[in-house]
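Colleague: Shown below is the structure under consideration.
The values are calculated or read from the model by the stated rules, or taken from the named source; none is laboratory data. Model, not experiment: these values are computed from the prediction. Cβ placement follows ideal geometry from the backbone for every residue including glycine, while neighbour counts extend to all protein chains displayed.
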Amino acid sequence: MDKTDILSLTKSELSAEIANMGEKSFRANQIYDWLHVKRVTDFTQMTNLSAQLQEELERKFCIKSLKIKKRLVSGIDNTVKYLYGLPDGEAVESVLMEYKHGNSLCISSQVGCKMGCRFCASTIAGWVRNLEPSELLLQIYETERDSGRHVDSIVMMGIGEPLDNFDNVVKFLEILNSEGSGMSLRHLSLSTCGVVDKIYKLAELKLGVTLSISLHAATDEKRSSIMPINDRYGLSELMKACDDYFKATGRRISFEYSLIEGVNDTDESADELIKLIGHRNCHVNLIPINEIRERDFKKSRFVERFQKRLTDAGINATVRRTLGADISAACGQLRRDDAEN
């Protein structure tokens, strides 16, 4: 019989499982605390449980773990990039970044990606599978354990499309935000290339998550040329979903815009972006694109000029700091290198 992945259970699901075992309800709270606060890796470490209950838990459940396959530490800014080995032998990346406001961790949501964005290394080898809630949580737990640094905020912007793994991501958010785990979801940003139907589902939940839209172009023709998702959900549909998300949650939308030389970095492109979002309560995060060997896209030389054109039009636009430039910055590249070796 396959064991149940106990770290993927919400608090209510765990309580139901423990009640079915004939245990009193407070036992579920104790076990949840061991898993998500003390973060033990073995049932025998749950010292306020009887040896008999520890054995019963061992028979019924498993506590998953991640293995650090590779760790790269920047000599420039203390950024740490992890390649985590999963229980089935696959691997994903997480990146710990240091800011004035605290430590931010970028986590992956899938092994590989289906979305096919032309400038992204994560999608080149295709999609393998979704990550379980436990595997999302463990990127945080293992990073804090290894680095000795507290993670103050989460960015779901690593390998994969979070909204393509909707159910597991929502369970992860519930566990993360539960009493015990205790991170406010206002400190979490979820990045999507624009899976419109799932944006509406996320809005209905009113979780307080900041929605970051990977936009990268402001006309359907340009966006479709680099982001196949736009053929399914065009910009008019995407913008309506963003407006509805803002109305439902009160959370300002963030638009990510990677500047690619000669593709989307001209004054014309800036004016198109102003026309598309200039009347909206939003923030634009301009990103100097990560150059990857499998693509011929080049980093724009006109980032500051593009930013000034937006700010002159009254749009809140900032340029993302380039962190970890000396440690394989492109998301997905570390996993690709590992797979090829």
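Colleague: Taking the condition crowded, with 22+ Cβ neighbours inside 10 Å and either of a type in the set (Lys, Arg) or more than 15 Å from the chain's Cα centre (by Cα) (or both), does HIS150 pass?
Modeller: No, not satisfied.
Colleague: Give the residue, chosen from LYS275, LYS206, LYS198, that is in contact with a helix residue (DSSP H, G or I) (Cβ under 8 Å, 6 or more places away or on another chain), assigned by TED's automatic domain parsing to the domain that holds MET157, over 30 Å from ARG39 (Cα atoms) and of a type in the set (Lys, Arg).
Modeller: After applying the criteria, what remains is LYS198.
Colleague: Moving on to the next point. For region 7-38, name all the residues that are in a loop (DSSP other than H, G, I, E, B) and crowded, with 18+ Cβ neighbours inside 10 Å. Explain how you work it out, then say what you get.
Modeller: Of region 7-38, the ones in a loop (DSSP other than H, G, I, E, B) are 9-10, 21-24, 37-38.
Scanning region 7-38 gives LEU9, GLU23.
Colleague: Identify all residues within region 228-272 that are among the aliphatic types (A, V, I, L, M) and either without any contact (Cβ under 8 Å) to a residue 60 or more places away in the chain or not assigned by TED's automatic domain parsing to the domain that holds THR192 (or both); write none if there are none.
Modeller: If the condition is that a residue be among the aliphatic types (A, V, I, L, M) and either without any contact (Cβ under 8 Å) to a residue 60 or more places away in the chain or not assigned by TED's automatic domain parsing to the domain that holds THR192 (or both), then LEU235, LEU238, MET239, ALA241, ALA248, ILE253, LEU259, VAL263, ALA270 are the ones that fit.
Colleague: Moving to a separate point now. May I ask you to say which residue of THR41, THR79 is in contact with a Leu (Cβ under 7 Å, 6 or more places away or on another chain) and among the polar types (S, T, N, Q)?
Modeller: Sole residue among the options that is in contact with a Leu (Cβ under 7 Å, 6 or more places away or on another chain) and among the polar types (S, T, N, Q): THR79.
Colleague: Same structure, new question: Only one of ARG118, ARG129 is farther than 30 Å from PHE26 by Cα and modelled with pLDDT of 95 or more; which?
Modeller: ARG129
Colleague: If the requirement is being closer than 20 Å to VAL95 by Cα, assigned by TED's automatic domain parsing to the domain that holds LYS298 and among the aliphatic types (A, V, I, L, M), which of these qualifies: VAL170, VAL128, VAL151?
Modeller: Step by step, each of VAL170, VAL128, VAL151 is checked, and only VAL151 is closer than 20 Å to VAL95 by Cα, assigned by TED's automatic domain parsing to the domain that holds LYS298 and among the aliphatic types (A, V, I, L, M).
Colleague: I've got another one for you. Count, please, the residues in region 308-323 that happen to be at pLDDT 95 or above and among the charged types (D, E, K, R).
Modeller: Within region 308-323, residues that are at pLDDT 95 or above and among the charged types (D, E, K, R) number 3.
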